[in-house]
Amino acid sequence: MMSLRFVFCLLISIPIHTYSSEELNERAGGNANEGQVKSAACQGCHGPDGNSVSPDWPNLASQNANYLSRQIRDFQSGARQDPSMQSIVIGLVEQDIMDIAAYFATQKVKVDATSNSAAGKKLYRGGNRYTHLPACAGCHGPSGAGNGPGVIPSLVGQKPGYVIKTLRDFKTGTRSNDRNQIMQDIAAKMTEKEMEAVAQFLAGMGAEAPDTDE
């Protein structure tokens, strides 16, 4: 039987209207031009255009503005722990947060065309029925774009090292700022090999050739 939590994921991942990044940023009240200036401290690790210089630091380019804003606020409040991030964002006011999120949301993420995993693709789209692991696509969408209004992150082109660490942190409870413990419950069902496979698939997601049988 399909779990209620998985049904919830499916429901909140279905947008009533598909918003452009510009529309989402206007809705969030952010100014991308201002955000480019205000994000100077972020750019040292996450790159001038939001594409990280390290496999262990996340890409912020093309990320949903609402999700980015939420993460910054969680770092400020301590709901999400990272000493480096907390020291950088502690002085940001609400308008700064919205502007920075708007800027990175309008940048184009660079996927790694050399990174792929057939096993990761299968898990992303279909999960693992033997361990009751739901498909990532149920919440993050078939294209990996997430859901801006639903504050669900885009996973397209995300750095593999960061994805693996994030899943491990959710699994151990080191990170717990997910809605209704959805990610903690999902990560708890994943093996290390599954995490690695999904991470490799996501890094190149969007670069792979489209399926011809769909």
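The values are calculated or read from the model by the stated rules, or taken from the named source; none is laboratory data. Computed from a predicted model, the values in this text were never measured in an experiment. A quick note on method: Cβ atoms are made from the backbone with ideal geometry, for glycine too, and the neighbour counts reach across all protein chains shown.
If I ask for residues that are touching a residue at least 24 places away in the same chain (Cβ under 8 Å) and surrounded by fewer than 20 Cβ atoms within 10 Å (Cβ to Cβ), which ones from the range 53-66 would you list?
Of everything in the range 53-66, those that are touching a residue at least 24 places away in the same chain (Cβ under 8 Å) and surrounded by fewer than 20 Cβ atoms within 10 Å (Cβ to Cβ) turn out to be S54, P55, D56, W57.
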If you go through the range 130-153 one residue at a time, do you hit one that is outside the structural domain of Q81 (by TED's automatic domain parsing), crowded, with 18+ Cβ neighbours inside 10 Å and hydroxyl-bearing (S, T, Y)? no
Kindly indicate whether L92 is within 22 Å of K159 (Cα to Cα), surrounded by 17 or more Cβ atoms within 10 Å (Cβ to Cβ) and hydrophobic (A, V, I, L, M, F, W, C). no
Among G127, G91, G120, which is the only one that is in contact (Cβ under 8 Å) with a residue 60 or more places away in the chain and either of a type outside the set (D, E, K, R) or farther than 24 Å from T191 by Cβ (or both)? G120
Members of the range 31-57 that are touching a Gly at 6+ places or on another chain (Cβ under 9 Å) and part of a loop (DSSP other than H, G, I, E, B): S39, N51, V53, S54, P55, D56, W57
Can you confirm whether the range 114-125 contains a residue that is out of contact with any Gly (no Cβ under 9 Å at 6 or more places or on another chain), surrounded by fewer than 16 Cβ atoms within 10 Å (Cβ to Cβ), under 18 Å from G146 (Cβ atoms) and not aliphatic (A, V, I, L, M)? yes
Test for A101: is it surrounded by fewer than 16 Cβ atoms within 10 Å (Cβ to Cβ), outside the structural domain of G144 (by TED's automatic domain parsing), of a type in the set (A, V, I, L, M, F, W, C) and at pLDDT 95 or above: no
Among residues of the range 166-177 being buried (at least 18 other Cβ atoms within 10 Å of the Cβ) and among the basic types (K, R), the residue nearest to S52 (Cα to Cα) is R175
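Select from the range 27-52 the residues that are surrounded by fewer than 15 Cβ atoms within 10 Å (Cβ to Cβ) and modelled with pLDDT under 80 and list them in ascending order. Don't jump to the end; show me each part of the working.
Narrowing the range 27-52 to residues surrounded by fewer than 15 Cβ atoms within 10 Å (Cβ to Cβ): 27, 33, 37, 40-41, 44, 48.
Selection gives R27 alone.
At least 2 residues that are among the β-branched types (V, I, T) and under 14 Å from the mean Cα position of the chain (by Cα) in each: list the helices (runs of 4 or more DSSP H) lying fully within the range 95-193 that qualify.
Details: elements: 118-126, 137-140, 160-172, 182-188.
Counting at least 2 such residues, we get 160-172.
Only one of Q86, Q63 is within 20 Å of P149 (Cα to Cα), polar (S, T, N, Q) and either assigned to a helix (DSSP H, G or I) or at pLDDT 95 or above (or both); which?
Among Q86, Q63, only Q63 is within 20 Å of P149 (Cα to Cα), polar (S, T, N, Q) and either assigned to a helix (DSSP H, G or I) or at pLDDT 95 or above (or both).
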